[in-house]
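Engineer: A single structure is presented below for examination.
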Amino acid sequence: MTTPAFTRAIHLLYVPTLCCNLSCSYCYLGTQTSEAALRLDAQRAMPTLRHTLDALEQAGVLAFNVSLHGGEVTTLPQAVLGELFTLIRRHYLQHFDAINALGHKKSAPHIKTNLFRFAPLYDLLDKHKVSISASIDLPLALHALFRTTRSGSDWLARTLENLRLLARYPHAKKISATLSATHLADIPALINDIWFIHRELGFDMNQLNLMFAFGSELNRAAKGDATLVPASAAQQLQLYQALNAAFMGTELEEGLRRNWFDEFKPSYCTNAFNCGERFYLLQSDGNVYSCVRGQGIEAFHYGNVFEQPILDILDNGARKIALLHQQHGFDAACQSCTHLSLCHTGCPVVKFQHRNARSYTCELQQQMYADNPRSYPADTPSEQARYAQEYRLAMHPSLAFAAPAVPVAQQLMLPNDLTDAKNTLPALIAADPLLQVLFSNTVFLLELADETIALDSQLFKQQRTIHTLAAGDRILLHLRRDVLAANCSETIRNTLYLQLLRDTPVVYGDEQRTKQEHIFTYQIYANCLQTSARLGADYLQVDLSELLAMHRAHYQRGVLNNLFVTTFFLREYHYQKQKNNAFYHVQTANLPFQNFEFHYLT
């Protein structure tokens, strides 16, 4: 059996149908759950998931987690559910070794369900060992009020019976509860109901996840005045403190400390550096969104698996999420926060809904960090400053490269004739034919996807352009054939000369300057270059894809990589010119060669 070569791994949420049999007051999916065509979804649920898993594998992408979400998954016919469970179990077993190597233990399907149809589906779920996350409202009195059927009926009694049944279910299970300001109006009742479910219904409430409702345009459009108000920061903290007072020292302490507030910890998607690099939601119509929070919102739509290549969709996700973070800015409090490296400023969907650059659970998170300093240590001032700059560079490059507000005072006296017209760098280049070739922006072109980028010297760029590359991207470098003859009488002796640096500063040399760190120097001889398939006989080309991918272990998150391009004999001429001409030397202390800057998604 051939083992696929995976170059990246993702978490895949699959929504086989948006249809739902309930009408929850805080649902952020709006009218999507009532307008879904269940019959159509049932027909395409299996083919879409099978197509996508195959396409991911062919693209070298491993779905290490495939979870079923909704809408309400259990509205689908039992036969369709059985097929989905079988496909997911087969996927986990087929890629057992690769998934295990990543530290994941997935072997059974997982669903998010409101439990409405749990009893009639019990045997099917048990057969496939399905892991279950059951959604309820706490306090339970609000379950009857806010989590009604489509006709508006209360089904709390049925919920309690299903919770008793879930308590006896022999496979992995947990309960999740979404809380608004109204849910937190009576915290003692909420605490009492946690104990009731634990002690009276027999469900181990250590397996509980708490979430907070957030404002949603789709929810407001669907519910109008029935929309629930999100919990304030003060209410979130009040809940956290009350739960600590009620459950510390009890049999539910482990759940409180480990699981209940898991969504707001660094391991969760809401605290990802860029969740668009790893978390994706697929619908049965083939559309891919960021997650359940972003479903139906164009800003979080990444593409369609039947219309675009998988890697294009995944990379579009990373770009869209980065853009959304950038649009809401870098909050001043986040810039100086000693836990920025854990939080990364929070969920982009909630930022989009709240029009706020800061995590909507910031105060709660800070309290959890303070209560668990070993698990979530604060960065030192120097660590914080360094990481803030790395985050600014990677997520908010326009801020990272902004000119300093205060000019740096001049520390030395330069020769008076340095600024003479004949001694400026443009004048020196104009007077030297070889320098004209060395600095030309027409001799090296980079082909990335369908885009051709003319490379220019970093000394003459009007603005900095940063690209994002990922495993699987095809990167071709084209060079004008005659550039190999510049300063070289026998082109067979010349080479294309590549240097890759990364922005992790190091200090070395007689002048002890701080410079970018070198990753590699690579040369390929002229006769080994191929005629350019895109630009014709006057140009040569070389494929850099594997060369760049081969060094992916040296690329770091948030750290810029800088590829310089020239020829061996032009590089020799540059250094000889520096020895011969002080005016040229002082103006080209930084590498003057054509360059290309990029982040690499590993």
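Engineer: Select from the stretch 178-210 the residues that are of a type outside the set (D, E), open to solvent by 40 Å² or more (accessible area, probe 1.4 Å) and outside any helix (DSSP H, G or I) and write down the one among them that is farthest from E251 (Cα to Cα).
Structural biologist: T182
Engineer: Applying the selection to the stretch 60-70, what residues are in contact with a Ser or Thr (Cβ under 7 Å, 6 or more places away or on another chain) and either under 13 Å from V130 (Cα atoms) or open to solvent by 20 Å² or more (accessible area, probe 1.4 Å) (or both)? Give the derivation first.
Structural biologist: As a first pass, look at the stretch 60-70 and keep what is in contact with a Ser or Thr (Cβ under 7 Å, 6 or more places away or on another chain): 60, 70.
Hits for the stretch 60-70: nothing passes.
Engineer: Among residues belonging to the stretch 521-569 that are open to solvent by 80 Å² or more (accessible area, probe 1.4 Å) and of a type in the set (D, E), point out the one that is nearest to the chain's Cα centre (by Cα).
Structural biologist: Residue satisfying both the conditions and the ranking: E546.
Engineer: Without any contact (Cβ under 8 Å) to a residue 12 or more places away in the chain, open to solvent by less than 40 Å² (accessible area, probe 1.4 Å), within 26 Å of L479 (Cα to Cα) and among the polar types (S, T, N, Q): does that describe Q594? Before the answer, list the steps.
Structural biologist: Details: without any contact (Cβ under 8 Å) to a residue 12 or more places away in the chain: no; open to solvent by less than 40 Å² (accessible area, probe 1.4 Å): yes; within 26 Å of L479 (Cα to Cα): yes; among the polar types (S, T, N, Q): yes.
Judged against the criteria, Q594 is not a match.
Engineer: Let me ask you something else. List pairs: first in the stretch 245-268 and crowded, with 18+ Cβ neighbours inside 10 Å, second of a type in the set (D, E), Cβ under 6 Å, 6+ apart or cross-chain?
Structural biologist: F247/E253
Engineer: Search the stretch 324-337 for residues being in contact (Cβ under 8 Å) with a residue 40 or more places away in the chain and open to solvent by 40 Å² or more (accessible area, probe 1.4 Å), and hand back the single one that is nearest to the chain's Cα centre (by Cα).
Structural biologist: Taking the candidates together, the pick is Q326.
Engineer: Those residues that are within 14 Å of S67 (Cβ to Cβ) and small (G, A, S), I need them from the stretch 88-112; list them, please.
Structural biologist: Passing the criteria: S107, A108.
Engineer: Among the residues of the stretch 369-396, which ones are more than 25 Å from E298 (Cα to Cα), among the aliphatic types (A, V, I, L, M) and open to solvent by 10 Å² or more (accessible area, probe 1.4 Å)? Full working, then the answer.
Structural biologist: Initial filter on the stretch 369-396 (more than 25 Å from E298 (Cα to Cα)): 369-393.
Narrowing further to those that are among the aliphatic types (A, V, I, L, M): 370, 378, 385, 388, 393.
Correct list: A370, A378, A385, L393.
Engineer: Is there a residue in the stretch 247-265 that is in a helix (DSSP H, G or I), modelled with pLDDT of 95 or more and among the small types (G, A, S)?
Structural biologist: Yes, the stretch 247-265 has at least one match.
Engineer: Continuing with this model, one more query. Identify all residues within the stretch 338-355 that are in a helix (DSSP H, G or I) and either in contact (Cβ under 8 Å) with a residue 40 or more places away in the chain or open to solvent by 10 Å² or more (accessible area, probe 1.4 Å) (or both); write none if there are none. Write out each step before concluding.
Structural biologist: Step one: filter the stretch 338-355 for residues in a helix (DSSP H, G or I), giving 340-343, 348-354.
Hits for the stretch 338-355 are L340, S341, L342, C343, P348, V349, V350, F352, Q353, H354.
Engineer: Step by step: first the residues of the stretch 474-520, then only those that are in a helix (DSSP H, G or I) and among the hydrophobic types (A, V, I, L, M, F, W, C), then the one that is most open to solvent (accessible area, probe 1.4 Å). Which residue is that? If you could, list the steps in order and put the result at the bottom.
Structural biologist: Applying the first criterion (in a helix (DSSP H, G or I)) to the stretch 474-520 yields 481-485, 491-493.
Next, only the ones that are among the hydrophobic types (A, V, I, L, M, F, W, C) stay: 483-485, 492.
Values: V483: 1, L484: 7, A485: 55, I492: 101 Å².
Residue satisfying both the conditions and the ranking: I492.
Engineer: Any chance the stretch 548-560 includes a residue that's over 30 Å from C275 (Cα atoms), modelled with pLDDT under 95 and touching a strand residue (DSSP E or B) at 6+ places or on another chain (Cβ under 6 Å)? Step through it out loud before you land on a result.
Structural biologist: Of the residues in the stretch 548-560, the ones over 30 Å from C275 (Cα atoms) are none.
No, the conditions are met nowhere in the stretch 548-560.
The values are calculated or read from the model by the stated rules, or taken from the named source; none is laboratory data. Small disclaimer: the values here were computed from a predicted structure and weren't measured. Heads up, the Cβs are rebuilt from the backbone with ideal geometry, glycines too, and the neighbour counts pull from every protein chain shown. SASA here: full protein model, heavy atoms, side chains in, ligands and nucleic acids out. Shrake-Rupley method; radii C 1.70, N 1.55, O 1.52, S 1.80 Å.
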